[in-house]
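In what follows, a single structure is set out as structure tokens and then discussed.
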Amino acid sequence: MKRQLVFLMFILLAGLSSCSEDDYEPIVITAINTSLKNPVDGQRSYYVRYTGSCNFPASAIYTGDTLILSVKEIDEELYFSESFTPGSPLFKQNASPVTYRIEKKEDYLLLPDRFSSALFYFYGNDTLFTNVADRAPLYQSGCKLRIDDSIFTGNEIGMVPSFRFGKVRFDNLTAVSCIPLFLELDAYLFYNTYLHASHSISSNDQVSGWVLTGI
């Protein structure tokens, strides 16, 4: 009887895993997507918002909000512009785009005015390194990342082999977590040439984030 129960549990878990894989649609990167390594006027990427909880089992739902991150060149200076699509629930309170200056360097991107950004606001460093040889190994723990035996915070640059949260998932990305002391949250940027996700967890384990979509 015990063996039959174990076998039935295995079949159930396999079925659940299969369903979640079927629900997942890989992100397709195109030449028009906003590049962190080489931002050019006219590039744009679309991000969809998700919310959830770290409580077991971790859950996430999409809110229906879509954020556009585009590159603009004004008077020979580069800017990121963030705007919600008109159908987004957050559009009513945020109809005007948010624009902030960036500087492209050989191995990093400068974000000196990122504090109004929905994607980069928590990042405590104005330098986002885009060409990193040595990255600390990270692993997922629930809805958070760990480095060795500690929650991933500070100025380290990490490598994430795999991250899964509801239907949000990606593999082999660089991750940073640089959070000002006055924000009571854990948060990460997941990226390579492109920003794939901005993921934050509040002190009461509520999750909010933006993930790149193939639109």
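The values are calculated or read from the model by the stated rules, or taken from the named source; none is laboratory data. Just so we're clear, the structure is a prediction, and the values are computed from it rather than from any experiment. Every residue, glycine among them, receives a Cβ derived from its backbone with ideal geometry; neighbour counts consider all protein chains shown. For the accessible areas, the whole protein counts, side chains as well, though only heavy atoms, and no ligand, DNA or RNA atoms are used. Shrake-Rupley method; radii C 1.70, N 1.55, O 1.52, S 1.80 Å.
Quote the Stokes-Einstein diffusion coefficient, in whole µm² s⁻¹, for region 104-160, based on the Kirkwood radius over alpha carbon pairs, a temperature of 25 °C and a viscosity of 0.890 mPa s. In µm²/s, the coefficient rounds to 192.
For region 143-182, the normalised intensity computed at q = 0.15, 0.27, 0.30 Å⁻¹ comes to -0.39, -1.03, -1.13 (log10 of I(q)/I(0), Debye sum over alpha carbons, equal scatterers, no solvent). Of LYS144/LYS167; LYS37/LYS167; LYS72/LYS104; LYS104/LYS144, which ones are farther than 18 Å apart at the Cα? The answer is LYS37/LYS167; LYS104/LYS144. Rounded to the nearest 10 square angstrom, THR99 shows an accessible area of 70 square angstrom against a 1.4 Å probe.
Per the Debye formula on identical point scatterers at the alpha carbon atoms of region 61-215, with no solvent, log10 I(q)/I(0) at q = 0.20 Å⁻¹ is -1.48.
Note on LYS104: accessible area is roughly 90 Å² with a 1.4 Å probe, heavy atoms of protein only.
Counted by Cβ distance under 12 Å from SER162, the other residues give a net charge of +1, where Lys and Arg count +1 and Asp and Glu count -1.
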